[in-house]
Amino acid sequence: MALLHEIDYGTPASRSQQLVTLDIDGKSVTVPAGTSLMRAAVEAGVSVPKLCATDSMDAFGSCRLCLVEVEGRRGTPASCTTLAEPGMKVKTQSPKLAKLRKGVMELYISDHPLDCLTCGANGNCELQDMAGVVGLRDVRYGYDGDNHFNKQSARFVDKDNSNPYFSFEPAKCIACSRCVRACEEVQGTFALTIQGRGFDSMVSAGGMDFLDSECVSCGACVQACPTATLIEKSVLEKGQGEHSVITTCAYCGVGCSFKAEMQGSEVVRMVPYKDGGANHGHSCVKGRFAWGYTTHKDRILNPMIRAKITDPWKEVSWDEAIQHAASEFKRIQAKYGKDSVGGITSSRCTNEETYLVQKLIRAGFGNNNTDTCARVCHSPTGYGLKTTLGTSAGTQTFDSVYDTDVMLVIGANPTDAHPVFASSMKSRLIAGAKLIVIDPREIDLVKTAHIKADFHLQLRPGTNVAMINSLAHVIVTEGLLADEYIAERCDDAAFNKWRDFIALPKNSPEAMESATGVPAELVRGAARLYAKGPNSAIYYGLGVTEHSQGSTMVMGMANLAMACGQIGRMGVGVNPLRGQNNVQGACDMGSFPHEYPGYRHVSDDATRELFEHAWGVKLEKEPGLRIPNMFDAAVEGTFKGIYVQGEDISQSDPNTQHVQKALGSMECVVVQDLFLNETAMWAHVFLPGCSFLEKDGTFTNAERRISPVRKAMAPKNGMADWEITMALSNALGYPMHYNHPSEIMDEIARLTPTFKGVSYKKLDEMGSVQWPCNDAAPEGTPIMHINGFVRGKGNFVITEFVPTDERVTGKFPLILTTGRILSQYNVGAQTRRTENNVWHAEDKLDLHPHDAEHRGIRDGDLVSIQSRAGEITLNARISERMQPGVVYTTFHHAMSGANVVTTEFSDWATNCPEYKVTAVEVRLAKKESDWQQHYREQRVLTTRIGSPVAGD
Amino acid sequence: MVHMANQIALNFSAYPREEAIGHVAKHLKDFWEPRMRKQLHAYVAQGGAELHELVKEAEKRLK
Amino acid sequence: MKLFVPCDMAALSVGADAVARAISEQIATRRLDATVVRNGSRGLFWLEPLVEVETAKGRVAYGPVTVESVASLFDAGFLDGKAHPLCLGLTEEIPYLKNQERLTFARCGIIDPLSLADYISRDGYKGLQNALKLKPEQIIEEVTNSGLRGRGGAGFPTGIKWKTVLGAPADQKYIVCNADEGDSGTFADRMIMEGDPFVLIEGMTIAGFAVGATSGYIYCRSEYPHAFKTLQRAIAIGYEKGYLGANAAGSGKHFDLEVRLGAGAYICGEETSLLESLEGKRGQIRPKPPLPAIEGLFGKPTVVNNVISLATVPIIIDKGAAYYKDFGMGRSRGTLTIQLAGNIKQGGLVEKAFGLTLRQAIYDFGGGTATGKKFRAVQVGGPLGAYFPDSLLDTPLDYEAFAAKKGLVGHGGVVVFDETVDLAKQARFAMEFCAIESCGKCTPCRIGSTRGVEVIDRIIANQDRKKNLEVLNDLCEVMLDGSLCALGGLTPYPVLSAVEHFKEDFHGTAA
């Protein structure tokens, strides 16, 4: 594919159903009412010159290049701001228009440097293009007048290079405001403004440099800039790409579509793709810019093995490594039994890779000891939504948010963790939707530019179920139930039981106030607002799931939504915001120990036989070990070998010391990853993985959208991850043979009813597709449960509030909760190896001034955080976003050891760890914690790679 | 193990007793690996001192 | 016994407060039974401070009164309307005033601006009482039939604007009064706000009832602190006496009103920019469509009218469309509030039916130049109006007649220059004004105005004069046809008119 230039229609598409027909330059064109003349012209195949218009933002009408003539009207209206009307006759070219346009360009160029040949945007500059289009040959004003480009000019402002990824060169700015508008309309951050007026007008990041400003480095301004004023540093360095590869971002669960712009096999830049169903051309700092880790020097490119973890690694051939791993697994199974090994699939890998790993475990190892990192994030979502609604997935497509009147955001921090979707939310909120936030912290969404939550229910960590029950109590007791909806769609008996339970006085907001700490009146107000809708949607994240009652809370939300009739159409629903790129897919692909792809229980004979038949092997009908169970079994001595693909269990799972003890108890730990991650410190075999840019496959995002991942370059490690799993399986004696991941998808489609219609061909044609995709829905299913619930009747589940056993005591009087930040991703393996560190170089402990004062802690002090599981030290940050009694940290840096402190408590139904509630004490520290000191040494010892002297 | 089992019981405890026992038993069957169930049986055999009453009842149905 | 000393800024700026104090002192010292009323201005600025005394024959005027002359006035018995060198006779008989047709300004300068009783006693709130008997459509029909056109400058028929707002379905609508009076040589808005604020409040209330708006804002120029305060007080009185709020004037309808201080930029007088500013944003032009009547303040249907337009509504609804329409000529109906300023002997406000010629305004009312030197040019319609030479002075003040001569009536400001004026410098000033006041949104205005100054400088400096005049002409065309709003779009008017009518200043000997 050559370099892909998407058509820019100039103004956004109109959503009107009504059509108008008009005539543009003699061509008849029919467009939806509300379409601009500019867009209609593009539809008619006529392009009108423009500079300030681009179709990702509303018409602005400032550049005055797009003027046209309309028969029967005076003057020369701008085609971007003039709407098509039936029977209009529009002329886009005339001598008068040509003269005006040339005159406008002459003015533009009179204040623009003439360094085209050496300019970073050379070859991709709209100003240059327009000068060409209007035939500008002379600037009669000369260049000695007032200007912004001459260094001697009082108006000259030097280049701002503060952002690590792009530069801002005011001298080249044409003040079209596209960046300012992109920041407002596309991103919703309002970091940029036009400073001064008239000829003084200058784009400014609020009067400071970009890095110090509110800018979140999403790249929308860079993309919007028609000149080189805002431009990627990578383009400045390398030049323009020559071909594009459309692929899917490998960061969060939004699943943005990107164009990788390439020079040969080297990426020049990643540009969000306009046709991306999830992102519609928007991006965040991670997907847009933080791809440098793919070529980071830390990447391991050769397979390695070692006998003991204290040995240095020895680089070996692929064959040797695979054979070694296989023989070790066989040895262990022979010695300790078939169930003594297992594996972990990754939510960061493709569907095809995940599918192969669980297949290898079920068919190759012959047990069901497969699990995935979704265990530690969204396993309660699967359990809860399946139990109540019948599908282990969110109900909506992302775009549904544009029809939402009331957003209920629970335990999620979208602006940091799902920034691109957060932009859609913000745009809807700015347009007037109401917002309820349930979160112990004052997340950004509670109060940000032009947005203020109508309710912020700042509850104590661990009391979600108390909160959801009291919200439901208000619905039930104040006559706010959607009676007709319930009668028609839900199970009567279950509903009646639930209603009687919820109506109990113990579930009232007043009674629960002592648990949640939230004034009952606020809870009542929020409940009424949610019930009123008309379209109310729940969006939630790990603040819901990562609790001892994570599954209960998921069911509680589904109950609430059903009770108010808020499932089954646009604008409503219960929507998990998935943490990683392929959490949904990893779950869909049968990574969990108790279910096959498509969420079918291993004990179901018909399903098992289907797989036995397809895979040609007898399968185990009992569920296997879940990740925490594997650790327990390892410590107990019955679990001895593990194959870990793309997950860093050592850093990401709770109670690190327990995990590391478990890993240390195993005889064969095989890690497949890009880097020598924390888990690899305990590994015996290291299989280098490849990045998303180096392989084909698919990711499934939080809205069930299956999007293609396309190979932009050959695997730097020599093998794609699916090939590695295949080789290992073959070496284990269970043959697998696929020529291409598309064949794996074909197998998945054959064996999984909800994927029946999915194929690479369809993905190429449609761009992406949302499952279920089958004969009933060949083009996929953006909204679930439209004509009734997947499970038949909606199932109300009784959600008793059972307080967690993790309680504050005199010794551990504070609650620690954890979360993410925008610039870093998860365990940080990727983002820490990019310039994103300028925003977040270390994890800090946030605490309320009151708690800090009490302990004599000042901002920046080194503090120790101690729980009954362990102790770490971090630097403190005093923050009023916290409520007193609650402290917070992120977990992006391995050396922080956030999970040294978290405990083994977990969700009762799924064992999803209770990361969000840990009782701790915080005090001033003089030095780093013992654990950190020890770990630092351990890391040096266990990550040595074969020195020539030690050799063989 | 005991903590996990008791948590399951507590979360079903608001259901009528008979129904609750059924839910607990099904949950243990659907999600617990045989090794864990074996530990449970062994613990009950030793008296099951710390176990929630619903778990004890459910355990009987798993045999 | 009542004495009237204006509290209008025009009077205050020439010492009216000190005069009022001096008069009060005299009253006290002389133990006289007299009260000083602070009224608005009659608009005879060369006579300010114009002190009036109520007599049996009517109000007798004295002016311009200075502090020094106060004692002598008392001595001369001016409380009884007796003769004095400053005596001007009965106010109503002063020809400047007598020859006017004061409809909108019927009360201005006569009453105490903050006396609701004064207001009501002189036909105040009669319009609103009539309006309450009419359906919204009927009110709008009256306004439409009166021929009232936007007095801010654009001359758009007010009734049509209102009808659009009435027809736009919305949960909230607004009435916004544009009181950002920024044209050079204009003061009519200010005079009404300072001299008869209730007429504006009444007009806005009627507008609210007519279009279904329950909330109104007055966007008052920041340089008008006095008008701002007067409005604030008047609004407070309106609420207190039940003319505003939940049951405005006993109508059973809601109408809230608030006055906001402007952002100090000329561009904020442009309606869309004004709305942006009122919303708390940067005062920048919005493209139209959408029209403010459809998506205005906070995205809701909004009537944006000038002070004079709104203040004229009560008399139309009081006396009927026919009465008002009877004044004027052609498509310009009713009266125009001409504001005479610049180099003129008798500056002030002249409310007169459309059709008066420029010459009549300047000579019959204005009395010619203040310096007594020969008249050379007049700029009508603010800083963006065309410069007319003597040969065009017989143009009647009428929207269409002015347009035909490439000029504009605008807000009715008339600024006179004598023979010492250099029109090349005036043309440069027009571009410079545009450069200073440009919001910076559209290219022709943002860059063009700066380039315009440079090109005119080159012409003045006799550099490549022929080529640069051509460039200036082309630039004016781009600004005229390409600008987003009237600021850039009208700046060529003064420039091109100067070049056309005063060629000699551009080809002269200056080097």
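The values are calculated or read from the model by the stated rules, or taken from the named source; none is laboratory data. Predicted, not measured: the structure shown is a model, and the values here were computed from it. Cβ atoms come from the backbone with ideal geometry, glycine included; neighbour counts cover every protein chain shown. Please note that ligands, DNA and RNA were not included when accessible areas were found on the heavy atoms of the full protein model with its side chains. Shrake-Rupley method; radii C 1.70, N 1.55, O 1.52, S 1.80 Å.
In table form, for the structure just shown:
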| item | result |
| --- | --- |
| Length-normalised contact order for chain C - Cα pairs under 8 Å, 6+ apart - percent | 13 |
| Summed buried accessible area for A+B [probe radius 1.4 Å, Å², rounded to 100] | 2300 |
| Out-of-range pairs (alpha-carbon distance over 32 Å; input A:LYS618/B:LYS29; A:LYS89/A:LYS426; A:LYS386/A:LYS621) | A:LYS89/A:LYS426 |
| Within the protein assembly as shown, helix-based [θ] at 222 nm, where runs of 4 or more DSSP H residues each add -39,500 (n - 2.57), nearest 500 | -10000 deg cm²/dmol |
| Mean separation of Cα contacts under 8 Å, 6 or more apart, over the residue count of the range A:814-941: relative contact order % | 34 |
| Carbon and sulfur %, accessible surface of the range A:1-159 computed with the full protein complex present, 1.4 Å | 51 |
| Angle between chain B longest axis and helix B:34-45 axis [Cα atoms, degrees, rounded to 10] | 90 |
| Partner chain coverage, peptide A:55-63 - average Cβ within 10 angstrom | 4 |
| Amide H contacts under 5 Å for C:VAL176, placed H, 5+ residues apart | C:TYR217, C:VAL303, C:VAL304, C:ASN305 |
| Percentage relative contact order, the range C:2-98, counting C-alpha pairs under 8 Å, at least six apart | 29 |
| Lysine pairs with alpha-carbon atoms under 25 Å apart, the range A:695-794, spacing 8 or more or separate chains | 9 |
| Span-like helix ranges in chain C, DSSP H, alpha carbon extent 18 angstrom or more, Kyte mean at least -1.0 | C:16-29, C:197-211, C:225-240, C:307-319, C:423-437, C:465-482 |
| Measure of compaction for the range A:739-839 (Cα Rg per 2.2 N^0.38 Å) | 1.77 |
| The range A:425-486 and the range A:624-673: distance between their alpha carbon centers, rounded to Å | 38 |
| Net charge over other residues, Cβ less than 13 angstrom from the Cβ of C:LEU47 (K, R count +1; D, E count -1) | -1 |
| Label-point separation in nm, C:ALA18 to C:GLU68, each point 7 Å along Cα→Cβ | 1.0 |
| Global geometry of chain C, whether rounded, prolate or oblate, following the gyration tensor of its Cα atoms and the 1.5 cut on a/c | oblate |
| Cα centroid of the range C:66-145 to Cα centroid of the range C:270-287, whole Å | 35 |
| Projected-area average for chain B over all orientations - Cα convex hull basis, square nanometres | 3.6 |
| Quotient of C-alpha Rg and 2.2 N^0.38 Å, computed over the range C:116-325 | 0.92 |
| All lysines inside 21 Å of A:LYS844 as judged from Cα atoms, apart from same-chain residues fewer than 8 positions distant | A:LYS286, A:LYS916, A:LYS926, A:LYS927 |
| Average other protein chain Cβ within 10 Å of Cβ, residues B:29-42 | 5 |
| Rg/Rg_globular for the range A:379-576, with Rg_globular taken as 2.2 N^0.38 Å and Rg from C-alpha atoms | 0.93 |
| Interchain or long-range residues, amide H under 5 Å from A:ASP696's placed H | A:LYS711 |
| Volume per residue that the Cα convex hull of the protein assembly as shown spans, once the total is divided by residue count, Å³ | 210 |
| Spatially proximal lysines relative to A:LYS640 (Cα-Cα < 18 Å; intrachain offsets below 8 disregarded) | A:LYS308, A:LYS330, A:LYS335, A:LYS338, A:LYS661 |
| Gyration tensor over alpha-carbon atoms, the range C:275-341, equivalent ellipsoid semi-axes in Å | 30, 15, 12 |
| Out-of-range pairs (alpha-carbon distance over 18 Å; input C:LYS126/C:LYS241; A:LYS50/C:LYS441; A:LYS314/A:LYS359) | A:LYS314/A:LYS359 |
| Pairs beyond 31 Å (Cα-Cα), from A:LYS27/A:LYS96; C:LYS173/C:LYS325; C:LYS253/C:LYS352 | C:LYS253/C:LYS352 |
| Solvent-accessible area, 1.4 Å probe, carbon plus sulfur percent, for the range A:459-589 | 54 |
| Derived scalar couplings ³J(HN,Hα) [the range A:396-405; Karplus, 6.51 cos²θ - 1.76 cosθ + 1.60; whole Hz; x for Gly, Pro] | 10, 8, 4, 5, 4, 4, 5, 9, 8, 9 |
| Where chain A is the region considered: accessible area per residue in Å², 1.4 Å probe | 33 |
| Degrees between helix B:17-31 axis and first principal axis of chain B (Cα, 0 to 90, nearest 10) | 50 |
| DSSP-assigned coil residues among GluC sites (Glu not before Pro) in the range A:26-80, each with at most 11 further Cβ atoms within 10 Å | A:GLU71 |
| From the C-alpha gyration tensor of the range C:305-423, square roots of 5λ in Å | 27, 14, 12 |
| Cα centroid of the range A:29-54 to Cα centroid of the range A:286-318, whole Å | 51 |
| Share, in percent, of DSSP beta bridges within the protein assembly as shown that are antiparallel, nearest 5 | 55 |
| Per residue accessible area of the range C:423-506, 1.4 Å probe, in Å² | 31 |
